[in-house]
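Have a look at the structure below before the remarks.
The values are calculated or read from the model by the stated rules, or taken from the named source; none is laboratory data. Bear in mind that the values here come from a model prediction, so they are computed numbers and not experimental data. Here Cβ is always computed from backbone atoms with ideal geometry, including for glycine, and neighbour counts include all displayed protein chains.
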Amino acid sequence: MPADDTSIVDPPGDGPVGEVLGLFARRGDGHYGEVVDQRCHALQCATLAADAGATDSLVTAALLHDIGHLVRGPDPGGSYDLSVDDHHETVGARWVAPRFGAAVARAIAFHVLAKRYSCTVDPAYGARLSPTSTATLSAQGGLLGAAEQARFVAHPGFDEAMALRFWDEQAKVADAVTPGIGEFVPILSRLAVARPGATQTTG
Ligand SMILES: [Fe+2]
């Protein structure tokens with residue numbers, strides 16, 4: 001659980017950072033089939049990225065990689081159907097791109113592809129997946145064919161996507177203590193994209 005979540009209780013207003021804090025405040029308690037809730041999962045993932053010395057962009061992607069779940073919200077009745085692909089990586093990437101930039105969005109967009117690739121090239125990886133990640137694999141497209149593998153490996157976003165996936169799988173430890181989301185606000189603020197209509201500072 002987060003050690004300090006005062007920023008969730010008191011989101012700092014509008015803008016991309018405020019939107020992120022608002023989503024985690026409203027929907028971060030959702031579990032989506034995992035032993036940890038979305039807030040704890042995101043904070044564990046971002047902490048692992050930061051501890052590994054990742055760039056601001058990749059730490060932000062780690063924090064927001066499942067934001068698509070929060071943007072969509074639970075299915076009616078609060079359930080979550082694992083047999084249907086919710087395309088949360090695409091939903092998340094589209095939500096993040098105009099707010100935190102294309103590099104963050106790309107790593108988020110690829111984190112499911114990285115799971116499919118890892119399961120394809122390393123059966124032992126598949127055996128280590130959480131039950132939910134295993135259950136959603138086939139709905140997400142299953143294993144990759146040779147051409148899909150080659151395209152992904154050759155993509156400039158491959159290394160970051162694989163790093164994010166590694167932290168994603170480690171970030172499901174029940175009762176792990178992490179910093180609160182406020183710890184990541186300075187990073188989010190550095191990457192936040194000024195949007196049309198937002199107050200601009202000049203001079
Ligand atoms: Fe995740």
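Listed here are the residues, each with its yes/no results for (1) touching a Gly at 6+ places or on another chain (Cβ under 7 Å); (2) within 12 Å of the ligand (Cβ to nearest atom); (3) not hydrophobic (A, V, I, L, M, F, W, C).
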residue: Cys45; (1), (2), (3): no, yes, no
residue: Ala50; (1), (2), (3): no, no, no
residue: Gly53; (1), (2), (3): no, no, yes
residue: Arg72; (1), (2), (3): no, no, yes
residue: Ala97; (1), (2), (3): no, no, no
residue: Ala103; (1), (2), (3): no, no, no
residue: His111; (1), (2), (3): no, yes, yes
residue: Gly126; (1), (2), (3): no, no, yes
Residue count, the range 51-75 (criterion: under 20 Å from Asp175 (Cα atoms) and either of a type in the set (D, E, K, R) or free of Cβ contacts under 8 Å to residues at least 12 places away in the same chain (or both)): 2
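Could you tell me which residue of the range 184-194 is surrounded by the most Cβ atoms within 10 Å (Cβ to Cβ), considering only residues that are assigned to a helix (DSSP H, G or I) and away from the ligand (no atom under 16 Å from the Cβ)? Working first, answer last.
Within the range 184-194, the first condition is being assigned to a helix (DSSP H, G or I), and the residues that meet it are 184-191.
Still in the running and away from the ligand (no atom under 16 Å from the Cβ): 185-191.
Values: Val185: 18, Pro186: 10, Ile187: 19, Leu188: 24, Ser189: 12, Arg190: 11, Leu191: 20.
Applying the filter and picking the extreme gives Leu188.
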Yes/no for Val104 being of a type in the set (A, V, I, L, M), modelled with pLDDT under 95, part of a helix (DSSP H, G or I) and under 24 Å from Asp37 (Cβ atoms): no
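Filter the range 141-183 down to the residues that are within 16 Å of the ligand (Cβ to nearest atom) and assigned to a loop (DSSP other than H, G, I, E, B), then identify the one that is nearest to Leu64 (Cα to Cα). Working first, answer last.
So the first thing to find is which residues in the range 141-183 are within 16 Å of the ligand (Cβ to nearest atom), and the list is 160-174, 176, 178, 181.
From what's left, assigned to a loop (DSSP other than H, G, I, E, B): 171-174, 176.
Details: Ala171: 13, Lys172: 15, Val173: 18, Ala174: 19, Ala176: 18 Å.
Looking at residues that are within 16 Å of the ligand (Cβ to nearest atom) and assigned to a loop (DSSP other than H, G, I, E, B), I get Ala171.
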Residue in the range 84-101 that is surrounded by the fewest Cβ atoms within 10 Å (Cβ to Cβ), counting only those that are among the small types (Gly, Ala, Ser) and assigned to a helix (DSSP H, G or I): Ala97
